[in-house]
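Here's the structure we're looking at; comments come further down.
The values are calculated or read from the model by the stated rules, or taken from the named source; none is laboratory data. If you're wondering where the values come from, they're calculated on a predicted model, not measured in any experiment. Here the Cβ positions follow ideal geometry from the backbone for every residue, glycine too, while neighbour counts run over all protein chains shown.
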């Protein structure tokens, strides 16, 4: 038997079909057959205790599904008595049924029964059939037995796996064709409580982008598999996929710095509006429509956020499981009961494929803002959102007070704190309000990594356009306006010294006192 290194973490096996997902690319050069070999090797491993437990997620035809799994694993040598299946459990419910009144209705008729062709054309035929009567029922209590399949959507079942792990009864957990939306809810709990337990998930849902074996949070059978393979690298297209042209690309982190109350939040909401509608931002910047937008705004309550959403006309995009299940805007505010941390498992699930806006990032720091180590922890959490397959991450951060007087926007002067916040983003933008009356914003890209393109400086105005059109107005397209340095120079003149001015007025007006 070949030496086997225990895979710690979660291994996903995603299906592939030329008819269903013909454009999908492999996650790696590993094959599904390699995963089955791992499972078989575990049954022979004398250095580990316990069995391979399989959750089939089936309440009906459980034995038939177990037979399917057995046929697959028995295609090669395997120790059968070290493979076992979780059985569905029977739960008895005492269900109260409220009283119902008697009611009647007419049976449905076919078109031929309901209409006939007469002398004047088609005529409706009166319904002479006897009505169906549903008798009244009094209130009652009924006992109902339900078969519930073993699944990690159940806290009870998740806790059972944890106990098995602590008692050395389980060597690996196999989740066979789970319903991802309902039956994996407590998977993060099992992962955190059982860090050395290999978990294998055989998915039944097809992905459009990827297929094959995906390793998550653990070491696979060899050290070579911890590195990118040529097959995986060649799946990356040469051309960059745009989120918003010039502002952020797929897989990028875009950092925006500005003074407090200088328009960052409204700019982010304006960008979200464009991403949700798929229309060019400010009728100029190309946009790739978002699958989902996650907006984290921990320093403003829901009332304040709703005021902004109404101004921009984006309320209809808010998700609601009852009245708007198709909504693609997910918002967390200061008013949210369950505050999400950046490394919360629920958030890491929510950001998959989403454009994520964090406004401002400093509300998520745990420690000192001017401590490089604490900033590094926060920046790693933001980068982890990209690792969790967020399409893009947009970060808002405050500028230092001196930023209001700058004559040029640079990476060094736009972000408050140590240099860590300017090191990890792919793109950095500075936003400076140059006119309070119209909320005119001068925007400059100060840094862009690798193939991210530098964008020329541009200017937008908030008033009166936000009230008239529900958005900003692009007043100076990128690269066409007067640089900030020249704008500041043209407005600067001889500074008036108040003391000198008072002395001059005293000498010009005899009889007055400097007091």
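Within segment 318-339, can you find the residues that are in contact with a helix residue (DSSP H, G or I) (Cβ under 7 Å, 6 or more places away or on another chain) and touching a residue at least 12 places away in the same chain (Cβ under 8 Å)? Walk me through how you get there before you give the answer.
Of segment 318-339, the ones in contact with a helix residue (DSSP H, G or I) (Cβ under 7 Å, 6 or more places away or on another chain) are 327-331, 333, 335.
Listed by number, the residues that qualify are 328, 329, 330, 331, 333, 335.
Of everything in segment 384-401 that is in a helix (DSSP H, G or I) and in contact with a strand residue (DSSP E or B) (Cβ under 7 Å, 6 or more places away or on another chain), the residue that is surrounded by the fewest Cβ atoms within 10 Å (Cβ to Cβ) is 386.
Provide a single number: the residues in segment 96-113 that are touching a residue at least 12 places away in the same chain (Cβ under 8 Å) and either farther than 30 Å from residue 146 by Cα or exposed (fewer than 10 other Cβ atoms within 10 Å of the Cβ) (or both). If you could, list the steps in order and put the result at the bottom.
From segment 96-113, those touching a residue at least 12 places away in the same chain (Cβ under 8 Å) are 96-107, 109, 113; that's our starting set.
Still in the running and either farther than 30 Å from residue 146 by Cα or exposed (fewer than 10 other Cβ atoms within 10 Å of the Cβ) (or both): 96, 98-99, 101-102, 104-107, 109, 113.
Final tally of qualifying residues: 11.
Is it the case, given these coordinates, that residue 84 is surrounded by 10 or more Cβ atoms within 10 Å (Cβ to Cβ), without any contact (Cβ under 8 Å) to a residue 40 or more places away in the chain, under 30 Å from residue 144 (Cβ atoms) and not assigned by TED's automatic domain parsing to the domain that holds residue 40? Judged against the criteria, residue 84 is not a match.
Kindly establish whether residue 431 is over 20 Å from the mean Cα position of the chain (by Cα), in the same structural domain as residue 345 (by TED's automatic domain parsing) and closer than 19 Å to residue 285 by Cα. Please lay out each step first, then the result.
Details: over 20 Å from the mean Cα position of the chain (by Cα): yes; in the same structural domain as residue 345 (by TED's automatic domain parsing): yes; closer than 19 Å to residue 285 by Cα: yes.
Yes.
Before we move on, is residue 376 touching a helix residue (DSSP H, G or I) at 6+ places or on another chain (Cβ under 7 Å) and either in contact (Cβ under 8 Å) with a residue 12 or more places away in the chain or crowded, with 16+ Cβ neighbours inside 10 Å (or both)? When the stated conditions are applied, residue 376 passes them. Of all residues in segment 134-170, those that are surrounded by 11 or more Cβ atoms within 10 Å (Cβ to Cβ) and not in a helix (DSSP H, G or I) total 13.
Of the listed requirements (1) farther than 17 Å from residue 88 by Cβ; (2) modelled with pLDDT of 90 or more; (3) surrounded by 12 or more Cβ atoms within 10 Å (Cβ to Cβ), residue 188 misses just one: (2).
Regarding segment 97-111, can at least one residue be identified that is in a loop (DSSP other than H, G, I, E, B), at pLDDT 90 or above and under 17 Å from residue 56 (Cα atoms)? Taking every residue of segment 97-111 in turn, none turns out to be in a loop (DSSP other than H, G, I, E, B), at pLDDT 90 or above and under 17 Å from residue 56 (Cα atoms). I need the full set of residues from segment 425-448 which are surrounded by fewer than 18 Cβ atoms within 10 Å (Cβ to Cβ) and in contact with a strand residue (DSSP E or B) (Cβ under 7 Å, 6 or more places away or on another chain), in order please. Passing the criteria: 433, 434, 438.
Summed over segment 338-354, residues that are in a helix (DSSP H, G or I) and surrounded by 14 or more Cβ atoms within 10 Å (Cβ to Cβ) total 5.
Cβ-Cβ distance below 6 Å, separation of 6 or more or different chains: which pairs start in segment 44-55 with a residue that is at positive phi and in contact (Cβ under 8 Å) with a residue 40 or more places away in the chain and end on one that is part of a loop (DSSP other than H, G, I, E, B) and surrounded by fewer than 18 Cβ atoms within 10 Å (Cβ to Cβ)? Between residues of segment 44-55 that are at positive phi and in contact (Cβ under 8 Å) with a residue 40 or more places away in the chain and residues that are part of a loop (DSSP other than H, G, I, E, B) and surrounded by fewer than 18 Cβ atoms within 10 Å (Cβ to Cβ), the close pairs are 50/168; 50/169.
Could you grab the pairs with beta carbons closer than 8 Å, sequence gap of 6+ or different chains, first residue in segment 406-420 and at negative phi, second one surrounded by fewer than 18 Cβ atoms within 10 Å (Cβ to Cβ) and assigned to a loop (DSSP other than H, G, I, E, B)? Correct list of pairs: 408/483; 413/400; 413/406; 416/369; 416/400; 418/370; 418/371.
Report whether or not residue 49 is surrounded by fewer than 18 Cβ atoms within 10 Å (Cβ to Cβ), within 23 Å of residue 180 (Cα to Cα) and within 39 Å of the chain's Cα centre (by Cα). Walk me through how you get there before you give the answer.
Values: surrounded by fewer than 18 Cβ atoms within 10 Å (Cβ to Cβ): yes; within 23 Å of residue 180 (Cα to Cα): no; within 39 Å of the chain's Cα centre (by Cα): yes.
When the stated conditions are applied, residue 49 does not pass them.
Evaluate segment 245-256: report whether one residue or more is surrounded by fewer than 18 Cβ atoms within 10 Å (Cβ to Cβ), in the same structural domain as residue 353 (by TED's automatic domain parsing), modelled with pLDDT under 95 and in contact with a helix residue (DSSP H, G or I) (Cβ under 8 Å, 6 or more places away or on another chain). Yes, segment 245-256 has at least one match.
Here's the yes/no breakdown for (1) within 18 Å of the chain's Cα centre (by Cα); (2) assigned to a helix (DSSP H, G or I); (3) modelled with pLDDT under 95:
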{"residue": "356", "(1), (2), (3)": "yes, no, no"}
{"residue": "368", "(1), (2), (3)": "no, no, yes"}
{"residue": "374", "(1), (2), (3)": "no, yes, yes"}
{"residue": "379", "(1), (2), (3)": "yes, yes, yes"}
{"residue": "382", "(1), (2), (3)": "yes, yes, yes"}
{"residue": "403", "(1), (2), (3)": "no, yes, yes"}
{"residue": "437", "(1), (2), (3)": "no, no, yes"}
{"residue": "442", "(1), (2), (3)": "no, no, no"}
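Do the conditions hold for residue 327, that is, is it in contact with a strand residue (DSSP E or B) (Cβ under 6 Å, 6 or more places away or on another chain) and either loosely packed, with under 14 Cβ neighbours inside 10 Å or outside any strand (DSSP E or B) (or both)?
Details: in contact with a strand residue (DSSP E or B) (Cβ under 6 Å, 6 or more places away or on another chain): yes; either loosely packed, with under 14 Cβ neighbours inside 10 Å or outside any strand (DSSP E or B) (or both): yes.
Yes; evaluated as a whole, the condition is true for this residue.
Only one of the numbered conditions (1) free of Cβ contacts under 8 Å to residues at least 12 places away in the same chain; (2) in contact with a strand residue (DSSP E or B) (Cβ under 7 Å, 6 or more places away or on another chain); (3) closer than 28 Å to residue 162 by Cβ is not met by residue 116, and that is (3). Selection of segment 277-317 for residues being surrounded by fewer than 17 Cβ atoms within 10 Å (Cβ to Cβ), touching a residue at least 60 places away in the same chain (Cβ under 8 Å) and under 18 Å from the mean Cα position of the chain (by Cα) yields only 291.
Could you please find all residues in segment 145-156 being under 25 Å from residue 95 (Cβ atoms) and in contact (Cβ under 8 Å) with a residue 12 or more places away in the chain?
Start the filter on segment 145-156 by keeping residues that are under 25 Å from residue 95 (Cβ atoms), which leaves 145-151, 153-156.
Those that are under 25 Å from residue 95 (Cβ atoms) and in contact (Cβ under 8 Å) with a residue 12 or more places away in the chain: 145, 146, 147, 148, 149, 150, 151, 153, 154, 155.
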